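Reading through the structure tokens given below for one structure.
Where a number appears in this text, it was derived from the coordinates with a stated rule and is not lab data. What you see is a predicted model; the values in this text were computed from it and never measured. Glycine also receives a Cβ, built like all others from the backbone with ideal geometry; neighbour counts cover every protein chain displayed.
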């Protein structure tokens, strides 16, 4: 019994080192990637036949790629609110769901307030093209922006699966060692290692689940703008273009600046000047008048000099 206990701690340390993130299984162990070793006779046959190499490569099992696909759209629609509701219903119809949806009022340079909506949905990846086609049908114009993004995470996904298998094997062996341990100290040591391994397993399972869900459900982010937001400036049915449009807009901006300056003058500058006048200017004026008054009194109290005597 004592010899068995002596070997428990080294075995636990060896298992834990094998469970570390650096200890990863080679990619050839991943399912669907490994190739069984050929016999010598098979290698000779392939070397003699020039066309056999291509046939052997074609016989290799294809790796199931794990690709995350997302899309972004910017559309001009008549009613952003109605289009947002239609896209929400589309997501549910295709077996997806709404991630976020927002409707707000935005103010244009002309002062007009128009609705603006943004919505993000997730739909099954195999129905991404169908969803994009139906969403673009909400607008009678071409998208202002359309972006498709694909990210191949096959390598990361396969690596996580290999690490997960190693950790689960180590967990099973640690449980066997803990069942055989007798001393309380050994049991606690193995238990702590087991808890650490279990935490790593849960983290990796979460990452694997994230990749699987992201690849299974594609995200579509749609920016819905009202027609008024992209219409040219209109004044009495006349649409100025080129320099005329810029001149009208510059005039409006200038009037806004003048109005802002007037507001600042009335609300801020004039009260500040009034306070400064009361604090500094009035005392200074009073002081100068006082000094002049005293100087005048002093001159009035001084008797005039007698006239000089003239020779008789």
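Brief remarks follow.
- Residue separation of residue 183 and residue 165 scaled by 0.36 nm, minus their Cα-Cα distance, works out to 3.5 nm of gained length.
- Here the calculated FRET efficiency for residue 249 and residue 129, from their Cβ-Cβ distance with R0 = 41 Å, stands at 0.50, rounded to the nearest 0.05.
- Under 11 Å from a label point set 7 Å out along the Cα-to-Cβ vector of residue 97, no amide N atom of the stretch 195-229 is found.
- Between residue 266 and residue 89, the modelled labels are 5.0 nm apart [label points 7 Å from Cα along Cα→Cβ].
- Length available on full extension from residue 152 to residue 282: 0.36 nm per residue minus the Cα-Cα distance, which gives 39.0 nm.
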